[in-house]
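Input: a single structure, listed below in C-alpha cells.
All of the numbers you see were taken from the coordinates with simple rules; none came from a lab. Just so we're clear, the structure is a prediction, and the values are computed from it rather than from any experiment. Virtual Cβ from ideal backbone geometry, glycine too; neighbours counted across all protein chains shown.
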Amino acid sequence: MSKIPTRSDKEIIFLWLFFPIVIILYLVYKFPTLFVPLEEVKNTFYFFGKSTSFWYATVYTAIVCYFSLRVIIRGINPYRAGVVKPISTYQRAKFLSIFFSQLLLFYLIPFILPYFQEGREFFNDSYHAVNKDAYIYIYNGFTSVGGLIYIFFIVPILAWLVGKRYCSWFCACGNLAEAVGSTTWGQQWVRNYTPRSKMAIKLEWLQFLILIFVLAYGLLLFLDMWQIFISESLITALYNFQVFAIDFMFGAIIGVGAYPLLGTRIWCRYGCPLAQMMKLFGKFSLSQARIQANSDCRGIGECSTVCPMGIDVKSFAYNKKGIYGLTQTPCISCGSCISACPTQALAFKTIFSKRS
Ligand code: SF4
Ligand code: SF4
Ligand code: SF4
C-alpha cells in the first residue's frame, strides 16, 4: 500500500479551523434553539435581516460557483497529477452544468426570485425553521405530489437515460463534492483518504438500509396523512432519528465535515438513499452511462486513485478489460477516471448504446 503524503502546515492550520467551524455552523444552522430560545433566533442569527438558510445557501453557492468557474476559466484538467493538460469537453460541460444548476436552481430561484415576484422586503425575513426534509431522503415522494412526480418518475427516467450523471452534474450535494474535488487539497483528500478497501466496499450496504428506513418512514407519513394509521410517538421517534442521525450527523457533519478525512463522497456512497434508488432503477434500464477500457490500459491505476466513489476502476479496466457502470458499481459518471488516465484507455460508451 502506498504511503499517504503528510499534510502541509497550511492545510493543518486550515483543518484546525475547519472542523470546529463546520460543527458550530451546522449546529447553529440546524438547531439554533440549542443556543437561544426560539423567539430569540431571528434577533441572534438573522444577520442583516436574512435567514440562516439564506446565508448558508450564499456561502455554499459561492464556494461551488467559484471553484467550478475557476476550472472552466483555467481550462486545466484537475485530475491529472503533476502534469498540465487541457480540460476535456466533458469536464468543461460538467463544471458549466454545476455552475449554472447551483446558481439558478439552488440559489437564485429559491432565495432571490420570490422577493421580486412577491414584492417583499428583501432584508426582513420572517422566522422559518430550517427544512430538514431534503428531496434526496425520498419520503417526500409519499407526502407531496411534486415529490411523488420527482422521485418516482423523473429520477427513474433520468437514471434510465444518463445513469447517475445527475450526481455529478446537477445535485447540490454533488456540486459541492465536484467543486471541492477540483482543488489541489480536494484532489489530495479524494486520492489519499477515500476508503478503498474491500471492507469499505462491502459497507456500502449501509446505504440500502437507509433507503429502507426512508421508504418505511415515508409510508408511515402517508398513512398518517390519510389517517389510516396514526402513531404520533412512532412518527416523532423516526423524525428525530432522521433529523439527528441521518440529516445532521451523517449528511452534514460526516458528509461535508469529513471531506478532508474520508474524501468528498462519503454521504453519496454510504448515505444518500436516492443514490441507492437510482442504482436499483439503473439495473432495469436498457441503456446507461458506462465506461469502457481499450487495449491501451497499462494497469497504472490512476483511475482508481482519483475515483471519489472508491471504485476499483483498474480491475475493470486492466484485469477484466470490461465495461463498468451503474449495474456493477456506484459510479456517478463524474469522468475523473477518464480524465486521469495517462494512456487515454477509458471512454464513456454512448449513452444510448445497447447494454452488453
Ligand atoms: S448520491 Fe445523493 S446526495 Fe450524492 S449527488 Fe447523488 S443524489 Fe446527490
Ligand atoms: S485505465 Fe488508465 S489509469 Fe486506469 S489502469 Fe488503465 S492505464 Fe492506468
Ligand atoms: S468510476 Fe470514474 S466516472 Fe465513475 S465515479 Fe469513479 S471516477 Fe467517476
**Request:** Pop the C-beta distance of Thr236 and Leu108 into the FRET formula with R0 = 41 Å and round what comes out to the nearest 0.05.
**Result:** 0.70
**Prompt:** What's the FRET efficiency of Thr143 with Thr184 using the Cβ-Cβ distance as r and R₀ = 51 Å, to the nearest 0.05?
**Reply:** 0.75
**Message:** Suppose the chain between Thr33 and Leu280 were pulled fully straight at 0.36 nm per residue; how much longer would it get relative to their current alpha carbon spacing?
**Reply:** 85.0 nm
**Item:** Free-standing Cys residues across the chain, given no other cysteine C-beta under 4.7 angstrom
**Value:** Cys65, Cys167, Cys171, Cys173, Cys268, Cys272, Cys297, Cys307, Cys331, Cys334, Cys341
**Asked** Going 7 Å from the Cα of His128 in the Cα-to-Cβ direction, what parts of segment 101-115 have a backbone nitrogen less than 18 Å from that spot?
**Response** 103-115
**Prompt:** So which of Lys283/Lys314; Lys10/Lys279; Lys3/Lys132; Lys94/Lys314; Lys3/Lys349 end up more than 32 Å apart, counting from Cα to Cα?
**Reply:** Lys10/Lys279; Lys3/Lys132; Lys3/Lys349
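Rounded, prolate or oblate for segment 210-320? Axes are the square roots of the Cα gyration tensor eigenvalues, ordered a ≥ b ≥ c, and the cut-off for rounded is a/c under 1.5. Please report the intermediate quantities before stating the final value.
On the way: a/c = 5.37, a/b = 1.96, b/c = 2.74.
Verdict is oblate for segment 210-320.
Averaging sequence separations of C-alpha pairs under 8 Å and six or more residues apart, then dividing by the length of segment 226-288, give the relative contact order as a whole percent. Mind showing how you got there, number by number?
On the way: 20 pairs, mean separation 12.3, N = 63.
About 20 percent, as a whole number.
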**Request:** Specify the residue with the greatest mean-square fluctuation among Gly82, Gly263, Gly147, computed from a Gaussian network of the chain linking alpha-carbon atoms under 10 Å apart.
**Result:** Gly82
**Message:** If R₀ is 41 angstrom, what is the calculated FRET efficiency for the pair Glu118 and Phe19, using the beta carbon separation as r and rounding to 0.05?
**Reply:** 0.55
**Asked** Which whole-number percent gives the relative contact order of the chain, counting Cα pairs below 8 Å spaced six or more residues apart?
**Response** 20
**Item:** Distance in nm between pseudo-label sites at Gln227 and Ala62 (7 Å out along the Cβ direction from Cα)
**Value:** 4.9
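May I ask for the net charge around Thr58, where only other residues with Cβ less than 13 Å from the Cβ of Thr58 are counted and Lys, Arg are +1 while Asp, Glu are -1? Before the final figure, lay out the partial values.
Numbers: positive: Lys50; negative: Asp125.
After counting each charged neighbour, the total is 0.
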**Request:** Mean Kyte-Doolittle of at least 0.0 plus a Cα span of 18 Å or more along the axis: flag which DSSP H helices in the chain meet both, please.
**Result:** 9-30, 52-74, 205-225
**Complete:** Relative contact order as a percentage, segment 9-134, C-alpha pairs under 8 Å and 6+ apart, gives 29
**Message:** Connecting C-alpha atoms closer than 10 Å in a GNM of the chain, tell me which of Ile109, Ile228, Ile136 has the biggest fluctuation.
**Reply:** Ile228
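Computed over the Cα atoms, what is the radius of gyration of the chain divided by 2.2 N^0.38 Å, N being its residue count?
Working: Rg = 21.1 Å, N = 356, 2.2 N^0.38 = 20.5 Å.
It is 1.03.
When a/c is below 1.5 the answer is rounded, else prolate if a/b is larger than b/c, else oblate, so apply that to segment 130-266 with a ≥ b ≥ c taken from the square roots of the Cα gyration tensor eigenvalues.
Taking the square roots of the gyration eigenvalues as a ≥ b ≥ c, segment 130-266 is prolate.
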**Asked** Can you give the helix-only mean residue ellipticity at 222 nm for the chain, where every DSSP H stretch with n ≥ 4 adds -39500 (n - 2.57) and the sum goes over all residues, rounded to the nearest 500 deg cm²/dmol?
**Response** -14000 deg cm²/dmol
**Summed residue charge, Cβ within 11 Å of Val190's Cβ, Lys/Arg positive, Asp/Glu negative** = +2
**Asked** Just how far, in whole angstrom, is segment 97-141 from segment 201-231 if you go by their alpha carbon centroids?
**Response** 26
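For segment 287-348, give the magnitude of the charge dipole about the Cα centre (Cβ charges: +1 Lys/Arg, -1 Asp/Glu; no others), in debye to the nearest 20. Working shown, then result.
Details: 5 positive and 3 negative charges, 29 e Å.
Charge dipole, segment 287-348, about its Cα centre: 140 debye, nearest 20.
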**Fill in**
With Tyr239 itself left out, Lys, Arg at +1 and Asp, Glu at -1 over residues whose Cβ is under 13 Å from its Cβ give -3
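Classify segment 1-88 from the C-alpha gyration tensor, please: rounded if a/c falls under 1.5, else prolate or oblate depending on whether a/b exceeds b/c. Don't skip to the end; give the middle numbers.
Working: a/c = 4.05, a/b = 1.83, b/c = 2.22.
It comes out oblate by the Cα gyration axes.
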**Prompt:** Given Ile212, Cys331, Leu176, which one lies farthest toward the positive end of the charge dipole of the chain, if we put +1 on the Cβ of every Lys and Arg and -1 on the Cβ of every Asp and Glu?
**Reply:** Cys331
**Asked** About its Cα centre, what dipole magnitude does the chain give when the only charges are +1 on Lys and Arg Cβ and -1 on Asp and Glu Cβ, stated in debye to the nearest 20?
**Response** 1920
